[in-house]
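K.L.:
Before we start, here is the structure in question, set down as structure tokens.
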Amino acid sequence: MVHRVEELKSLVRMLPLWAASIMAIAAGSHNFTFAIQKARTMDRHLTPRFQIPPATMIIFTTLTMLVSLAIYDRVFVPVARRYTGRQSGITYFQCMGAGFAVAALGVLAGALVEAKRRAAAADHGLLDSPGAVVPVSVFWLVPQYALHGVGDALATVGHMEFLYDQSPESMRSSAAALFWVAGALGNYLGTVLVLVTVVQSASRGEWL
């Protein structure tokens, strides 16, 4: 019984850092919702007769995540290991922190592009035309998606290493479940933040 209590305590001690990852997930959750809606209102033409579907922009997050994971594992970790002496190259705290920082840059990039899109819509009198196409290339969204891909790769690696390393052996499956719970809560939090923004800005017209 005492052993079980100690295991539970060790799991509870991980919760503060686990909870920190929820904000990073919330930051990237809009790439799968509002960023796609923004893409629908932007110029998506590759040729005069062909335009890409807005949801395909997510491929830039997937690609950068895959490339980042490969570079991290095959290039960065071996180099960092020589200087730090750690098998993992850097600590999971540093890895998660780097992921959070890059995710913040992704949010900043998204905000700058949204300001550009809104300004272009205002200049062309399209603010009250939700179905209109704003004359701004959809590929302005690529930095936002790419940065979130890099941030997700770093934060995910650090988060999983932290949960697996710090949890008791008998509770590692529960620790892995916490990772997915954080993902769910992060997406719900992203939705709540959007709803709050919409309500608070309703008096000044539609936000998106």
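Derivation of every value follows stated rules applied to the coordinates shown; laboratory data play no part. These numbers come from a predicted model, not from an experiment. Every residue, glycine among them, receives a Cβ derived from its backbone with ideal geometry; neighbour counts consider all protein chains shown.
K.L.:
Listing Leu66, Leu189, Leu154 from the residue with the fewest other Cβ atoms within 10 Å to the one with the most, what is the order? Display every interim value, and only then the final one.
P.N.:
On the way: Leu66 12, Leu189 16, Leu154 26.
Ranking Leu66, Leu189, Leu154 by Cβ neighbours within 10 Å, fewest first, gives Leu66, Leu189, Leu154.
K.L.:
At a threshold of 8 angstrom on Cα-Cα distance, excluding pairs fewer than six apart, so keeping six or more, what relative contact order does the chain reach in percent? Before the final figure, lay out each step's value.
P.N.:
Details: 227 pairs, mean separation 73.1, N = 208.
After rounding, I find 35 percent.
K.L.:
How much mean residue ellipticity at 222 nm does the chain get from its helices, if each DSSP H run of length 4 or more adds -39500 (n - 2.57) and you divide by all residues, to the nearest 500 deg cm²/dmol?
P.N.:
Numbers: 8 runs with 141 residues, N = 208.
The helix contribution divided over the chain gives -23000 deg cm²/dmol.
K.L.:
Right, next: Using a Gaussian network model of the chain with C-alpha springs under 10 Å, which one of Val113, Val138, Val79 is most mobile by mean-square fluctuation?
P.N.:
Residue with maximal mean-square fluctuation among Val113, Val138, Val79: Val79.
K.L.:
Right, another one. Within the chain, what's the longest stretch lacking trypsin sites (Lys or Arg not before Pro) that sit in DSSP loops with no more than 14 other Cβ atoms inside 10 Å? Please report the intermediate quantities before stating the final value.
P.N.:
Working: sites that count: Arg49, Arg86.
For trypsin sites (Lys or Arg not before Pro) (loop position, at most 14 other Cβ atoms within 10 Å), the longest site-free span of the chain is 87-208.
K.L.:
Neighbouring Cβ atoms within 10 Å as the yardstick, rank His148, His159, His45, His30 fewest first. Write out the running numbers ahead of the final one.
P.N.:
On the way: His148 31, His159 25, His45 13, His30 22.
Ascending number of Cβ neighbours within 10 Å: His45, His30, His159, His148.
K.L.:
Here's a follow-up. Compare the Cα positions of Val75, Leu163, Val113 along the charge dipole of the range 57-166 (+1 at Cβ of Lys, Arg; -1 at Cβ of Asp, Glu; about the Cα centre) and return the one farthest towards the positive end.
P.N.:
Result: Val75.
K.L.:
If you don't mind, there's one more thing I want to ask. If you rank Tyr164, Tyr92 by fewest surrounding Cβ atoms within 10 Å, what's the result?
P.N.:
The most exposed by this proxy come first: Tyr164, Tyr92.
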